[in-house]
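These notes are about the structure you will find just below.
The values are calculated or read from the model by the stated rules, or taken from the named source; none is laboratory data. Since we're looking at a predicted model, the values are computed, not measured. Virtual Cβ from ideal backbone geometry, glycine too; neighbours counted across all protein chains shown. Please note that ligands, DNA and RNA were not included when accessible areas were found on the heavy atoms of the full protein model with its side chains. Shrake-Rupley method; radii C 1.70, N 1.55, O 1.52, S 1.80 Å.
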Amino acid sequence: QVQLVESGGGLVQAGGSLRVSCAASGVTFNSYAMGWFHQTPGKDREFVAASSPSGTVIYYGDFVKGRFTISRDNAKNTVHLQMNSLKPEDTAVYYCAAGPRVMYMSRGDVEYWGQGTQVTVSS
């Protein structure tokens with residue numbers, strides 16, 4: 001049984017930083033692209049970042065603009081999203097995702113989803 005479990009969400013002031021993490025189990029972690037999406041009520045889930053299985057190929061959503069960094073630790077089956085210079089509009093539920101191809105993850109090519117973790121940025 002595949003499980004992606006996010007952690008690290010919370011409340012932060014605008015301009016602050018937060019790191020969310022995802023622990024994977026039941027999957028051959030180093031064979032999957034891993035990524036992050038976020039979603040606010042009434043809107044579609046939006047691509048944030050993705051990493052190839054080796055971590056050498058990385059994509060970011062256009063809105064990130066150098067503020068976020070995705071990283072993965074294949075020895076620990078974890079993927080992280082470091083978020084800096086947070087803005088109130090970054091407030092959303094952040095979802096961890098696993099998929100077969102990093103280049104298509106931004107288009108929603110995802111096999112497994114986590115349950116999400118709430119990130120709230122206050123102004």
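Treating cross-link reach as a plain straight distance, find the lysines whose alpha-carbon is under 16 Å from the alpha-carbon of Lys87, omitting any fewer than eight places away in the same chain.
Excluding near neighbours in sequence, the set is Lys65.
Within region 16-77, list the trypsin sites (Lys or Arg not before Pro) lying in a DSSP loop whose Cβ has at most 14 other Cβ atoms in a 10 Å radius.
Within region 16-77, the qualifying trypsin sites (Lys or Arg not before Pro) (loop, at most 14 other Cβ atoms within 10 Å) are Lys43, Lys65, Lys76.
Taking the Cβ of Phe63 as the centre, find all other residues whose Cβ is under 11 Å away and add up their charges (Lys, Arg: +1; Asp, Glu: -1).
Within the 11 Å Cβ shell, the charges total -1.
For Ile58, Ile70, give the ranking by accessible area with the largest first, probe 1.4 Å.
Order by accessible area, largest first: Ile58, Ile70.
Amide H to amide H under 5 Å from Ala49: which residues, 5+ apart in sequence or cross-chain, H placed 1.01 Å off N in plane?
Sorted by chain and number, the residues that satisfy this are Trp36, Gly61.
Under a point spin-label approximation (7 Å from Cα along Cα-to-Cβ), what is the Tyr112-Val2 distance to one decimal in nm?
0.6
Cβ under 11 Å from Thr40's Cβ, Thr40 left aside: what net charge do those residues give with Lys, Arg +1 and Asp, Glu -1?
-2
Taking all protein chains as present, what is the carbon and sulfur share of the accessible area of the chain, in % to the nearest whole number, probe 1.4 Å?
The computed percentage sits at 47.
Taking only Cα atoms of the chain, what ratio of Rg to Rh do you get with Rh as the Kirkwood inverse-distance radius?
0.94
With θ taken as phi - 60° and the coefficients 6.51, -1.76 and 1.60, list the Karplus ³J(HN,Hα) couplings across region 48-53 in order, rounded to whole Hz; mark glycine and proline as x.
Working through the residues one at a time gives 10, 6, 8, 10, 5, x Hz.
Can you list the aspartates and glutamates whose alpha carbon is less than 17 Å from that of Lys76, not counting same-chain residues fewer than 8 positions off?
Cross-link targets: Glu6.
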